[in-house]
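One structure is given here, and the rest of the page talks about it.
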Amino acid sequence: MCQRIAQGTRWSKCGHFQRHLILAVVDCESYQCEMSCYHPKGCRSRDCLKFYGDEIQQDVDNVKEFCFACRAAQARAAGVKLK
C-alpha cells in the first residue's frame, strides 16, 4: 500500500496527531495498488487495494496538552458546557 507523509501537531498528553499538510506519497510500486503509478490504467479488478496505508507522521510541533477532541470529551463527561 502506498503511504502519505504528513506533517502536523502532536498532542503529548493524549498522543493524538493533528495533520496540517501532506508532503508526499511513498509509492509502494505495486500493480495491485490503485494509488501506485504502477497500477494499470483501466484496471477493473476488485482485488486491487483502494486505500492508502498507515500515514507516516512527522511532528512539526509538540503541544503538552490534550487535543481539542479529548478536551471536549472530558468536558462532556464532567457535564461542562464549552463556549
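The values are calculated or read from the model by the stated rules, or taken from the named source; none is laboratory data. Everything numeric here is computed off the predicted structure, so don't read it as measured data. Using ideal geometry, Cβ is built from the backbone for each residue, glycine included, and neighbour counts are taken over all protein chains shown. All accessible areas refer to the heavy atoms of the entire protein, side chains included, with ligands and DNA or RNA removed. Shrake-Rupley method; radii C 1.70, N 1.55, O 1.52, S 1.80 Å.
Residues that are part of a loop (DSSP other than H, G, I, E, B) and either open to solvent by less than 80 Å² (accessible area, probe 1.4 Å) or modelled with pLDDT under 95 (or both) within the range 54-83 comprise 55, 65, 66, 67, 79, 80, 81, 82, 83, listed in sequence order.
Taking the criterion of being more than 15 Å from residue 3 (Cα to Cα) and open to solvent by less than 60 Å² (accessible area, probe 1.4 Å), the only residue of the range 17-33 that qualifies is 17. Here residue 51 does not fit the description of being open to solvent by less than 80 Å² (accessible area, probe 1.4 Å), assigned to a loop (DSSP other than H, G, I, E, B) and within 20 Å of residue 7 (Cα to Cα). Kindly establish whether residue 46 is open to solvent by 70 Å² or more (accessible area, probe 1.4 Å), charged (D, E, K, R), outside any loop (DSSP other than H, G, I, E, B) and at pLDDT below 95. Judged against the criteria, residue 46 is not a match.
All conditions but one from (1) surrounded by 13 or more Cβ atoms within 10 Å (Cβ to Cβ); (2) small (Gly, Ala, Ser); (3) in a strand (DSSP E or B) apply to residue 36; the one that does not is (3). Within the range 1-16, is even one residue open to solvent by 70 Å² or more (accessible area, probe 1.4 Å) and not in a loop (DSSP other than H, G, I, E, B)? Among the residues of the range 1-16, at least one is open to solvent by 70 Å² or more (accessible area, probe 1.4 Å) and not in a loop (DSSP other than H, G, I, E, B), which makes the answer yes.
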